[in-house]
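Input: a single structure, listed below in structure tokens.
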Ligand SMILES: Nc1ncnc2c1ncn2[C@@H]1O[C@H](COP(=O)(O)OP(=O)(O)OP(=O)(O)O)[C@@H](O)[C@H]1O
Ligand SMILES: [Mg+2]
């Protein structure tokens, strides 16, 4: 996916987000530049630093939506955080460096999964052998009680019985027929005929012993390391479990896949990916502006901004996978800047986001399209929901136009909450239908502009009422 051209990226975003072309273009360019940089010769690569973006626009116009969709479009390690989550280093809470740690963790996990997928075929084969070993132990130990039925093992009819005996109490004799039996068993196993048979396997307790470490005061890192250390020191908790063959195959395949993957290599690759093409999306950046520094929580907010500086600028962050350099990580910030302005950010931080894009506020025209066009359009969602009750809901064009018009009107008279207004309107509009749907006799419901006007006229006319209800 990562080699999407800018125009293709915009086209993908168009499926979910209406308008906001400038913002889409900027992020598409930035994304493509990640890819371009990777193809530049190496000594120049280091010189090309990312051009961080800040997206500014009123609430509910698609900022977060763009970042969410972007995440699915890129192969680059991508992580989204809310700036408001952070506190200054030294205070209780998450420090800003944790975003880099999280990005690395995420990438390592993703690449480990990928690597495991790649060895899956091999792992499945080994798991099959191991299950066969369980069903029919290979190694001869002392011949204890040799059953008379040894020869019968070849007998297909008896295989099943044989198996159950052997599972309970493995027969330990060398038997020239075992190989043949094994192949028969393999065939049955592959056909799923043994799926419900029970076997004993050893499973390691993934979680390790429960150790809770209280990490405060920016010591999250230390807490994390201690926990890791401890769980390595403690003996792995293995338990013998009785499971069906089907489950055993799954569990053993998983185990074998984990064993086949070289974790060190995965980590090295992941860290490199993060350093070279990582993207961090910082949402709600406006929530850490404080225009009157000096008292109360404002101090800490500016502290967050100051802590952000070195990370955005490029610094080394210690993570449990080693030091990670942030020099080439791309940062995209976004904020509504409703009560503050980008210029309220401390100047050093402003300077580190050279590209600014504004998102437009939305009106009736956009609302009509938002209601109907995106793949996850609101109307489609309600139609799908009600279809589960056998109700066939439809909206005629005049109704859609009316809903959009009312949304714009309420937005302009009360608070402008952008496309979120459509959610509140729709919920109010369809309340009766949503409540009664299971029992209505008339299964075809068409919403027209008359219905919309009638249902919404009281609330819309009364400004106070619309403040509360919509
Ligand atoms: N341009 C748009 N096209 C399609 N849907 C939109 C658009 N803008 C907003 N929406 C819808 O409105 C809702 C809110 O949008 P989003 O979360 O992106 O707002 P935001 O710009 O991040 O606002 P805030 O500043 O409050 O975080 C989402 O459900 C989103 O799908
Ligand atoms: Mg948002």
TODO: Report, by residue number, each residue of region 332-376 that is within 16 Å of ligand 2 (Cβ to nearest atom) and assigned to a loop (DSSP other than H, G, I, E, B).
DONE: 336, 337, 338, 339, 340, 359, 360, 361, 362
TODO: Please work out which one of (1) outside any helix (DSSP H, G or I); (2) in contact with a helix residue (DSSP H, G or I) (Cβ under 8 Å, 6 or more places away or on another chain) is the condition residue 434 fails and give its number.
DONE: (1)
TODO: Please enumerate the residues belonging to region 437-467 that are touching a strand residue (DSSP E or B) at 6+ places or on another chain (Cβ under 9 Å) and in a loop (DSSP other than H, G, I, E, B).
DONE: 443, 448
TODO: Go through region 52-76 residue by residue and tally those that are at pLDDT 90 or above, more than 13 Å from ligand 1 (Cβ to nearest atom) and part of a loop (DSSP other than H, G, I, E, B).
DONE: 1
- [ ] Would you check if residue 345 is in contact (Cβ under 8 Å) with a residue 40 or more places away in the chain and within 14 Å of ligand 1 (Cβ to nearest atom)?
- [x] no
- [ ] Looking only at region 105-123, decide whether some residue is in contact with a strand residue (DSSP E or B) (Cβ under 7 Å, 6 or more places away or on another chain), part of a helix (DSSP H, G or I) and closer than 30 Å to residue 265 by Cβ.
- [x] yes
- [ ] Provide a single number: the residues in region 332-354 that are surrounded by 15 or more Cβ atoms within 10 Å (Cβ to Cβ) and within 30 Å of the chain's Cα centre (by Cα).
- [x] 12
TODO: Among the numbered conditions (1) in a helix (DSSP H, G or I); (2) away from ligand 2 (no atom under 16 Å from the Cβ); (3) crowded, with 16+ Cβ neighbours inside 10 Å; (4) not assigned by TED's automatic domain parsing to the domain that holds residue 254, tell me where residue 132 comes up short.
DONE: (4)
TODO: Could you check how many residues of region 36-60 are buried (at least 18 other Cβ atoms within 10 Å of the Cβ) and out of contact with any helix residue (DSSP H, G or I) (no Cβ under 9 Å at 6 or more places or on another chain)?
DONE: 1
Task: Single unsatisfied condition, residue 383 versus (1) in contact with a strand residue (DSSP E or B) (Cβ under 8 Å, 6 or more places away or on another chain); (2) assigned to a helix (DSSP H, G or I); (3) surrounded by 19 or more Cβ atoms within 10 Å (Cβ to Cβ) - done: (3)
- [ ] Determine which single condition residue 448 fails, assuming it passes every other condition in (1) free of Cβ contacts under 8 Å to residues at least 40 places away in the same chain; (2) more than 38 Å from the chain's Cα centre (by Cα); (3) surrounded by fewer than 18 Cβ atoms within 10 Å (Cβ to Cβ).
- [x] (1)
- [ ] Mind listing just one residue for me: the one in region 61-85 that is under 26 Å from residue 339 (Cα atoms) and surrounded by 22 or more Cβ atoms within 10 Å (Cβ to Cβ) and, of those, nearest to ligand 2 (Cβ to nearest atom)?
- [x] 63
TODO: Can you tell me which residue among 48, 17, 56 is out of contact with any strand residue (DSSP E or B) (no Cβ under 9 Å at 6 or more places or on another chain) and over 20 Å from residue 311 (Cβ atoms)?
DONE: 17
Task: Single condition residue 88 does not satisfy, out of (1) buried (at least 17 other Cβ atoms within 10 Å of the Cβ); (2) at pLDDT 90 or above; (3) in a loop (DSSP other than H, G, I, E, B) - done: (2)
TODO: Evaluate the following for residue 399: is it touching a strand residue (DSSP E or B) at 6+ places or on another chain (Cβ under 9 Å) and either outside any loop (DSSP other than H, G, I, E, B) or within 12 Å of residue 446 (Cα to Cα) (or both)?
DONE: yes
TODO: Filter region 19-51 down to residues that are within 16 Å of ligand 1 (Cβ to nearest atom) and outside any helix (DSSP H, G or I), then give me how many there are.
DONE: 2
TODO: Kindly list the number of the only condition in (1) more than 16 Å from ligand 2 (Cβ to nearest atom); (2) assigned to a loop (DSSP other than H, G, I, E, B); (3) in contact with a helix residue (DSSP H, G or I) (Cβ under 9 Å, 6 or more places away or on another chain) that fails for residue 16.
DONE: (1)
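The values are calculated or read from the model by the stated rules, or taken from the named source; none is laboratory data. These figures come from a predicted structure and were not determined experimentally. Positions of Cβ are generated from backbone atoms using ideal geometry, with glycine treated the same way; all protein chains shown enter the neighbour counts.
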